[in-house]
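**Student:** A single structure is presented below for examination.
Computed from the coordinates by the stated procedures, all read-outs in this text should not be read as laboratory data. Note that the structure is predicted; figures quoted are calculated from it, not measured. No Cβ is skipped: glycine too gets one built from the backbone with ideal geometry, and neighbour counts run over all protein chains shown.
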Amino acid sequence: YINMEDSPEKSYDPFDRTLVFVDKKDDLDPFYGNGSLRAQMSCGHAVTPDSLTQWCRHQLDQGNHKFKCPALVAGTRQCNKPWSYQEVRRLADLTVQEMQYFEENIARLAAAEYGEAQPCPQCKSNVERRDLTNLCVQCPVCSADQGKCYQFCWQCQKPWKGRARRSDRCDNHGCSNKNLELLATCKTIDLPQVRGATNCPSVRACPKCGTIVEHSRKNCKNLICPRCHVEFCFVCLKPKKKCNKTSTPFILCQGGVAPRQTSIPVWNKSRQGRRNVRAVDDLMAVYLRRFEELDVLDGI
């Protein structure tokens, strides 16, 4: 974890000819850094190293690994032009520690978007589960070290016990799906700003990818899943567009409150998604090489 508040204020090198300096306010934070040099992003908006670092750090902390310009255009809508990480790294003037934090989290979030990864309980190396319907996962590192196949349960983190290819549990004592238990036992809430929305389960599984989400009880009944980015109604669990055909975001759905979920949806990724998984693998390899470079720089 990096505490940005404790970091010294950054400033651009006025002799850096790779940057385009502009004489206008910082579009990300117009009330800060007026005495600092501002540089122009590819979208045309002005930033300082600190404002850009803080905005992109905030996006990472919110689970977004694709950076977009938040500056207002004509005072009514956001610019939303994409920024590459390479551009952000250069114009935010990221330190070695910040680069490591950014790149580690970008890789983690990108991997989570198209698959699941967690440390092997034995060797602690990251293992990816590509078949989301199978809790039995093989660790390639442990298998190579031991000279035999080492499998563990994705759910209880113990060596696999019982027949393979199960989606509910392994045969280890106490293995259970904690998210299903949470869906079954969570408290109920009211949504104060949605007329008629009472006694709704406080926890839901995204109807597309199964990610566990909660409602803040503020604003309308719709949520955007932080993983698959689908927008759905927290009350009836239908996609927003389908729900809006018979009600509005601030009125109870025609079918009322959907009952507690008794199963968790599995994300059925498309062929494009599988290509993206391979792209994430390539990305992870790039970042691993980058980490090695950072370790070398840290030792200088």
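**Student:** For a protection proxy built on the mean count of beta-carbon atoms within 10 angstrom, sort 98-108, 227-237 highest first, please. Present the calculation step by step, with values, prior to reporting the outcome.
**Tutor:** Details: 98-108: 18.5, 227-237: 20.4.
Ranking, from highest mean packing down: 227-237, 98-108.
**Student:** If the limit is 27 Å between Cα atoms, which of Lys25/Lys240; Lys187/Lys238; Lys68/Lys241 go over it?
**Tutor:** Working: Lys25/Lys240 38 Å; Lys187/Lys238 21 Å; Lys68/Lys241 25 Å.
Check vs 27 Å cut-off fails for Lys25/Lys240.
**Student:** Shifting gears a bit: Taking the alpha-carbon distance from Lys158 and a cut-off under 16 Å, which lysines remain once sequence neighbours fewer than 8 residues away in the same chain are dropped?
**Tutor:** Counting by Cα, and skipping residues close in sequence, Lys158 has these lysines nearby: Lys124, Lys178.
**Student:** Order these peptides, 171-179, 153-161, by their mean beta-carbon neighbour count within 10 angstrom, highest first.
**Tutor:** Details: 171-179: 13.0, 153-161: 17.7.
Going from most to least packed, we get 153-161, 171-179.
**Student:** I've got another one for you. Can you compute the charge dipole magnitude of region 20-86 about its Cα centre, using +1 on each Lys and Arg Cβ and -1 on each Asp and Glu Cβ, nothing else charged? Give it in debye, rounded to the nearest 20. All intermediate terms of the calculation are to be shown ahead of the outcome.
**Tutor:** Numbers: 8 positive and 6 negative charges, 52 e Å.
Taking the Cα centre of region 20-86 as origin, the dipole is about 240 debye.
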